[in-house]
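Report on one structure; see the data block that follows.
Derivation of every value follows stated rules applied to the coordinates shown; laboratory data play no part. Remember, it's a predicted structure, so these values are computed and weren't measured experimentally. For neighbour counting, all protein chains shown are included, and Cβ atoms are generated from backbone atoms with ideal geometry for every residue, glycine included.
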Ligand SMILES: [Zn+2]
């Protein structure tokens with residue numbers, strides 16, 4: 001039996017789709033944007049409260065938009081491309097926070113993946129003035145370090161280079177891409 005949240009999701013999506021059945025309606029949509037709400041104060045279109053990642057999805061046939069929709073509802077579309085996109089998007093937000101808090105000591109797999117590194121490379125995140133805007137070597141280096149099974153074999157100099165790349169290339173890239181998409185909790189003084 002389906003729960004109410006799922007029923008709400010299906011009804012809303014079908015309502016804004018051209019098709020009137022779920023299997024076909026889910027193919028009409030694309031992920032358009034994502035914001036992170038650090039105060040978890042928003043409610044998904046399905047009615048579920050306190051979602052953190054606020055996605056906007058857009059219907060490619062009629063231009064309808066739905067917002068905010070949370071990751072677990074997007075996963076219910078059962079689309080591989082959506083699942084990859086949300087995993088990439090959320091890993092970018094997590095990486096940015098980790099770099100901002102100086103929690104980037106190791107290239108651990110809870111923050112990094114081959115996919116994320118490759119995507120950053122494709123987005124030219126490794127290209128900076130420090131490497132004459134040619135990030136190939138830095139990318140290869142980061143990949144090599146990430147692929148090391150035994151991270152304790154990373155030397156002090158390699159570790160310094162990892163941090164330099166994260167601070168000089170990746171952090172500014174993520175900040176530019178994401179900072180306008182982060183809603184910080186309201187502060188009262
Ligand atoms: Zn939902």
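How would the stretch 95-170 be classified by its alpha-carbon gyration tensor: rounded, prolate or oblate, with rounded meaning a/c under 1.5 and the a/b versus b/c comparison settling the rest? Spell out each step's value before the answer.
Details: a/c = 1.37, a/b = 1.30, b/c = 1.05.
Here the stretch 95-170 falls in the rounded category.
Relative to the first principal axis of the alpha-carbon coordinates of the chain, what is the inclination of helix 80-100, with its axis defined by its Cα atoms, in degrees from 0 to 90 and to the nearest 10?
Tilt relative to the chain: about 50 degrees.
How far is helix 4-15 tilted off the main Cα axis of the chain, in degrees rounded to 10, range 0 to 90?
Helix 4-15 sits at roughly 80 degrees to that axis.
Ranking 90, 49 by Cβ neighbours within 10 Å, fewest first, what do you get? Spell out each step's value before the answer.
Details: 90 15, 49 10.
So the residues, fewest neighbours to most, are 49, 90.
Given the Cα-Cα distance of residue 84 and residue 164 and 0.36 nm per residue of separation, how much length would full extension add, in nm? Spell out each step's value before the answer.
Working: separation 80, 0.36 × 80 = 28.80 nm, distance 2.80 nm.
Value of the extension gain: 26.0 nm.
Checking the a/c ratio against 1.5 first, then a/b against b/c, what shape does the Cα gyration tensor give for the stretch 1-48? All intermediate terms of the calculation are to be shown ahead of the outcome.
Values: a/c = 3.00, a/b = 1.42, b/c = 2.11.
Here the stretch 1-48 falls in the oblate category.
Per residue, what volume in Å³ does the convex hull of the Cα atoms of the stretch 4-78 enclose? All intermediate terms of the calculation are to be shown ahead of the outcome.
Numbers: hull volume 5.2 nm³, N = 75.
So the per-residue Cα hull volume is 69 Å³.
Rounded to whole Å, give me the distance from the Cα center of the stretch 1-30 to that of the stretch 43-117.
About 20 Å separates the Cα centre of the stretch 1-30 from the one of the stretch 43-117.
Could you list 4, 89 so that the one with the fewest beta carbons within 10 Å of its beta carbon is first and the one with the most is last? If you can, show how the numbers build up before the last one.
Working: 4 10, 89 19.
So the ranking, lowest neighbour count to highest, is 4, 89.
Given the convex hull over the Cα atoms of the chain, what projected area results after averaging over all orientations, in nm²?
Details: hull surface 56.2 nm².
With every direction weighted equally, the projected area is 14.0 nm².
To the nearest 10 degrees, how steeply does helix 156-165 sit against the main Cα axis of the chain, on a 0 to 90 scale?
Roughly 40 degrees between the two axes.
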